[in-house]
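Input: a single structure, listed below in structure tokens.
The values are calculated or read from the model by the stated rules, or taken from the named source; none is laboratory data. Small disclaimer: the values here were computed from a predicted structure and weren't measured. Quick reminder, even Gly has a Cβ in these numbers, built from the backbone with ideal geometry, and neighbours come from all protein chains shown.
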Amino acid sequence: MFRNRKGAYVVAVLAVALSVTACSGGGREESDDTSGGSGAGDNSGYTIAMITHETPGDTFWDKIKAGAQQAAKNEGIDLKYSNDPEASKQAQLIQSAVDSKVDGIATTLVTPDALAGAVKSAEDAGIPLVGFNSGIDQFQELGALMYFGSDETLAGTTAGKRIAQQGAKHPLCVIQQTGSVALEARCAGVKSAVPGTENIQVNGADDAAVTTTLQAKLSQDPSIDWIVTLGAPQALDAIKSIDQAGSSAKLITFDLNTDAAQAIQDGKIEFSIDQQPYVQGFLAVTSLYLNIKNGNDMGGGQAVLTGPSFVDKSNIDKILPFAQKNTR
């Protein structure tokens, strides 16, 4: 599928290997020195920094890291992972990577304006930088060489059309991080297909608060017939809220974790819109390796799509074991 220069996309399909998992806290850096590992590829010795807007405790990022770590192991890369959900602090992490003269940088571009200066510093220093996960409509103007992720507007619109066909009139779209262009695009896409969509802001770092907020909203407004959560942890909060409010609203979510996949199998979540974060992490690191070593690029200057890929009762039996392995 192709669009014009501003937002043209090309789909890539890649078979990914078994994952290696890790955890990270906000603002911290992790180093995975895999240069002496038994991966199937090179022993490059390159140092690549991966910087995200991860909120500590969000299981989504474990899949990103698992894919990145497998790619680093394959090619003998020292992977430096760091994260902070605050835009200014994420920009500082990018600048620190530039100052430390890493060989390449992979970063989410969730708040493009706040990160633009740091991304420009990488370009000025001659350090190749790729975007992934967030910022699909801005990566070109920011100067990122490549991008790996889902078209969030397309994903939201497709999800909205799917629930509209099932009679949705008043969905509640739950945004768990203020200022995220990706999350806002998802809700906008849903609303384009179901005009009665209402957005609600919650604190994604506090599951108890998410549950309480959604329960109160459902109790106050019984006309809400669908809940659209934008992350798997919030979907699990929404299940509790629906039960506690005695609501008949149906639930869909973006993204997967093991519990959300199980909830799909159990019929508590209708379907997930999966952007395949393992693939995003794997491709971001692999693309930098290929660019540094060979001058290769992926996507022909356009975004490489990793989603949307829908997970529902028709395919959950196949996908659940991969979710449990942290590769899907």
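Looking across segment 162-182, the residues that are part of a loop (DSSP other than H, G, I, E, B) and under 16 Å from Gln234 (Cα atoms) come down to Gln176, Gln177, Thr178, Ser180. Tell me yes or no: at least one residue of segment 64-86 is in a helix (DSSP H, G or I), assigned by TED's automatic domain parsing to the domain that holds Asn294, in contact with a Pro (Cβ under 6 Å, 6 or more places away or on another chain) and closer than 21 Å to Pro277 by Cα. Taking every residue of segment 64-86 in turn, at least one turns out to be in a helix (DSSP H, G or I), assigned by TED's automatic domain parsing to the domain that holds Asn294, in contact with a Pro (Cβ under 6 Å, 6 or more places away or on another chain) and closer than 21 Å to Pro277 by Cα.
Mind telling me which of the residues Ala159, Ala106 ends up being in contact (Cβ under 8 Å) with a residue 60 or more places away in the chain, crowded, with 24+ Cβ neighbours inside 10 Å and in a strand (DSSP E or B)? So the residue among Ala159, Ala106 that is in contact (Cβ under 8 Å) with a residue 60 or more places away in the chain, crowded, with 24+ Cβ neighbours inside 10 Å and in a strand (DSSP E or B) is Ala106.
Considering Asn83, Asn74, the condition of being touching a strand residue (DSSP E or B) at 6+ places or on another chain (Cβ under 9 Å) and not hydroxyl-bearing (Ser, Thr, Tyr) is satisfied by Asn83 alone. You will find that of Ser192, Ser180, Ser219, the residue that is of a type in the set (Ser, Thr, Tyr) and crowded, with 21+ Cβ neighbours inside 10 Å is Ser180 and no other.
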